[in-house]
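First comes the structure, then the notes that go with it.
The values are calculated or read from the model by the stated rules, or taken from the named source; none is laboratory data. Quick caveat, the model's predicted, so the values are computed rather than measured. Because the Cβ atoms are built from the backbone with ideal geometry, glycine has one as well, and the counts that use them run over all protein chains shown.
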Amino acid sequence: MVDYYSGHSKYLFAVDCVVFGYEEGELKLLLYPRAFEPVKGKWSLMGGFVMPQESCEQAACRVLHQTTGLQNIFLEQVATFSNPDREEYTRVISVAHVALIDIRQHNHELVKEMGAEWWPLSNLPELIFDHEDMIREALALLQQKAGYSLVGIELLPDKFTLLQLRKLYEAIYQRKFDAGNFRKKVLSLDALEKLEEKNLTESRKGAFYYRIRYSQSDTETERIVKF
């Protein structure tokens, strides 16, 4: 048995994290300048190698905690990238993950120490290897999930107005929504709790804040809503 395994090639196994945030009406990505060769200094997704004792998900969680200081955030596997030529010097297979975080809550000093920056999705720098492909697939997955659930709320503070929620979904889908139709469809989920507090900056009367009904199960909140 040992001889059978030893006769096969060994490859490096990595994870790369497409970290989405939302700020000032724009969907943003957390990128950092690669700290080692090859392509040292070029912009890259957050990533690292999978340690012998780790699963892919555990490795991705570790990378996110080391780079943002956050734990227990939304994280989902996107796809495996295994093109033999994706890296020039050695064979590296990478499993891409998508993460959604509230920009206001991450460790700003930790991000700054790494030289990382939040880049608007509409104005990304040139990226290393196949990281642009990873971003495209991660965005497609986010758009798919946002179409049948309120997963995008992971990018907002705990309380938000319907206008703020609509602007977020416009950023995710990169198109405008009719305000009345959006309000009707979102409230039809019965997944939001209306608060007594208002945001007084959006109109003269103010706009009520909402939050997720955490008492409901995922099955109850994940109903089809075709935006």
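Numerical summary
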item	result
Unmet requirement for R34, which otherwise passes all of (1) in contact with a Gly (Cβ under 7 Å, 6 or more places away or on another chain); (2) buried (at least 21 other Cβ atoms within 10 Å of the Cβ); (3) closer than 19 Å to L124 by Cα	(2)
All positions within the stretch 88-112 that are surrounded by 19 or more Cβ atoms within 10 Å (Cβ to Cβ) and part of a loop (DSSP other than H, G, I, E, B)	I101, H106
Matching residues in the stretch 105-123 - criterion: being over 15 Å from the mean Cα position of the chain (by Cα) and not acidic (D, E)	N107, H108, L110, V111, K112, M114, G115, A116, S122, N123
Strands (runs of 3 or more DSSP E) within the stretch 1-53 that include 1 or more residues among the β-branched types (V, I, T) and touching a residue at least 12 places away in the same chain (Cβ under 8 Å)	12-23
The stretch 132-169: number of residues that are within 15 Å of E26 (Cα to Cα), in a helix (DSSP H, G or I) and within 16 Å of the chain's Cα centre (by Cα)	9
The stretch 175-208, subset touching a Ser or Thr at 6+ places or on another chain (Cβ under 8 Å) and under 23 Å from G147 (Cβ atoms), residue surrounded by the fewest Cβ atoms within 10 Å (Cβ to Cβ)	L189
Scan of the stretch 20-45 for residues that are among the aliphatic types (A, V, I, L, M) and under 25 Å from K10 (Cβ atoms), ordered by number	A35, V39, L45
Top-ranked residue in the stretch 64-77 [being in contact with a His (Cβ under 6 Å, 6 or more places away or on another chain) and part of a strand (DSSP E or B); ranked as nearest to L12 (Cα to Cα)]	Q77
Near pairs, Cβ below 7 angstrom, 6+ apart or cross-chain, from the stretch 113-138 (closer than 20 Å to A79 by Cα and surrounded by 15 or more Cβ atoms within 10 Å (Cβ to Cβ)) to any residue that is of a type in the set (V, I, T) and modelled with pLDDT of 95 or more	M134/V18; M134/V78; I135/V18; E137/V78; A138/V18; A138/V78; A138/V98
